[in-house]
Amino acid sequence: MQLAEVARLSTTTDGRTILEVAGQPVFGMNRVAVSIWMKLAAGLSVQEINGQIAKEFGVPEKRVACDVTKFIEVLKDRLLVYDDS
């Protein structure tokens, strides 16, 4: 998967993390969302992300898989992530 070039994470002065598109804030991101975004940016597969998120946050991988898939679909709907092919 590839991230849109116009999208990037930014930290606000009060320490919150937001996703910006073309310099405009789109939405706030919690720790899990930030971790997923960083793993996507690193080129990890969805399966690798699921395993790492499960370990990182101590959540069953089955639950993680559902949440990761939903989050990636939101990103795809907003054209912030797209498949390589």
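What follows draws every value from the coordinates through simple rules; no lab data is involved. The model shown is predicted, which means the values in this text are computed figures rather than measured ones. Backbone-built Cβ (ideal geometry, glycine too); neighbour counts: all protein chains shown.
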*Given the rule -39500 (n - 2.57) for each run of at least 4 DSSP H residues, summed and divided by the residues of the chain, what is its mean residue ellipticity at 222 nm, to the nearest 500 deg cm²/dmol?*
-15000 deg cm²/dmol
*By how many nm would the segment from Val21 to Leu44 lengthen if fully extended, with 0.36 nm per residue of separation less the alpha-carbon distance?*
6.1 nm
*What is the diffusion coefficient of the chain in µm²/s, taking the Kirkwood radius over Cα pairs and the Stokes-Einstein relation at 20 °C with a viscosity of 1.002 mPa s?*
162 µm²/s
*Between the DSSP loop rule and a limit of at most 16 other Cβ atoms within 10 Å, which trypsin sites (Lys or Arg not before Pro) in the stretch 6-85 are left?*
Arg16, Arg78
*How high is the relative contact order of the stretch 2-80, in percent, counting Cα pairs under 8 Å that sit 6 or more residues apart?*
22 percent
